[in-house]
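What follows is a short report on a single structure.
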Amino acid sequence: MNIIVSIIVPNFNHQNFLNQRFKSILEQTYKNYEIIILDDASTDNSKITLDIYSKSKKVSHFIINDVNSGSPFLQWEKGIKLAKGKYIWIAESDDYCDSFFLEKMILMLESGLDLVYCRSVEVDVNGCKISDDYWPENLDTFKWKNNFIVNGIDEIKDSLLYRNTIPNASACIFRKSNISYDTKYLKMKFAGDWFFWINFLKNSKIGFCCLPLSYHRTHSNSTRGQKNLDLELKRFLEIFKSIKFAKKIGNQKSKFINKYNYEWLINHINKRNFNFIKRLLLLLYMPSYIRPLYYHDVYDCFKIRINVYINRLFNNIKF
């Protein structure tokens, strides 16, 4: 029997979540799949747990890196190249899902779609629901309340141009043959998934299932957790790169882009205590149509520093 789904489980220091992750995979009602386990040189006791699950007949590959790759998307790429399945599921090692997840997703894909994803629920380290908020709905209150099917280019123009509206890779399954390889996402650490979805959808059809079948774990060690300012700067520069890529693929003219849909991004930047040099760097690489939202923040920072300099200068002058 040909394998329909290749389940890639990339892990790095998620030992505490692995049992729930693998249990949710092995209890799927849909059974035609292989599991590819990839560990990116974990420093916790992940290997002990992974060794146990690697004995499953469903596991086709179990690879442990000697050195950490530095990017989760390099692990994606490795798993995709090993995959024998028609479809790919990146089952992040700190997440878990409903036992009907695969069954419902495959049913949608087999109707002629190339990528499908479901609503995901944000949970804490103990698996308790944090809130009912769903990240894409901050862009459109109603769109993600119901199932929908759209052309990939339209989804890029309407949604992915403004934010990563496929926020949880674990909630997504996509057709392997439609992958458009672009190594730019491999150099990313934070927004590579966003870039990957945009590149994939330029020639694909996408569907959404409004059922909450996937559970996305939020914790301090996740890539979304706040990092030091150098890594935070890298995160925002990667976001800018993804936005510019979406604009290019969607062939959108700046005058038709709603810049106010990026207020979330400016708010996130303003929460970080970036110095003046980093703020100028952000302004330099920021898409031009977003800059008007940010100008006054850089100006205020500059004005404060000039005032401090003038005060120090006058204080040092002896009359």
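Values as computed for the structure displayed
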| read-out | value |
| --- | --- |
| Area of S220 that stays accessible when all protein chains are in place (1.4 Å probe, Å², to 10) | 100 Å² |
| Span from the region 10-81 Cα centroid across to the region 181-254 one, whole angstrom | 22 Å |
| Carbon and sulfur %, accessible surface of region 1-128 computed with the full protein complex present, 1.4 Å | 53 percent |
| Max mean-square fluctuation residue, GNM over the chain, Cα-Cα springs under 10 Å, options E232, E110, E155 | E110 |
| Dipole magnitude of the chain, debye to nearest 20 (Cβ charges: Lys/Arg +1, Asp/Glu -1, about Cα centre) | 1220 debye |
| Radius of gyration and Dmax over the Cα atoms of region 147-274, both given in Å | 15.0, 43 |
| Relative contact order of region 127-272, pairs being alpha-carbon contacts under 8 Å that are 6 or more residues apart, as % | 33 percent |
| Accessible surface, the chain, averaged per residue in Å² (probe 1.4 Å) | 49 Å² |
| Acute angle (nearest 10 degrees) that the helix 291-315 long axis makes with the longest principal axis of the chain, alpha-carbon atoms | 40 degrees |
| Among T49, T218, T141: highest mean-square fluctuation, GNM of the chain, C-alpha pairs under 10 Å | T141 |
| Cα-based helix-to-principal-axis angle, 276-285 vs the chain, degrees rounded to 10 | 60 degrees |
| Accessible surface of D132 - all protein chains present, 1.4 Å probe, nearest 10 Å² | 110 Å² |
| Candidates H216, H268, H14, ranked by Gaussian network fluctuation over the chain, Cα under 10 Å, top entry | H268 |
| The chain: relative contact order in percent, alpha carbon pairs under 8 Å with at least 6 residues between | 18 percent |
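The values are calculated or read from the model by the stated rules, or taken from the named source; none is laboratory data. Not measured: the values here are computed from a predicted model. Virtual Cβ from ideal backbone geometry, glycine too; neighbours counted across all protein chains shown. Ligands, DNA and RNA are excluded from the accessible area calculation, which covers all protein heavy atoms including side chains. Shrake-Rupley method; radii C 1.70, N 1.55, O 1.52, S 1.80 Å.
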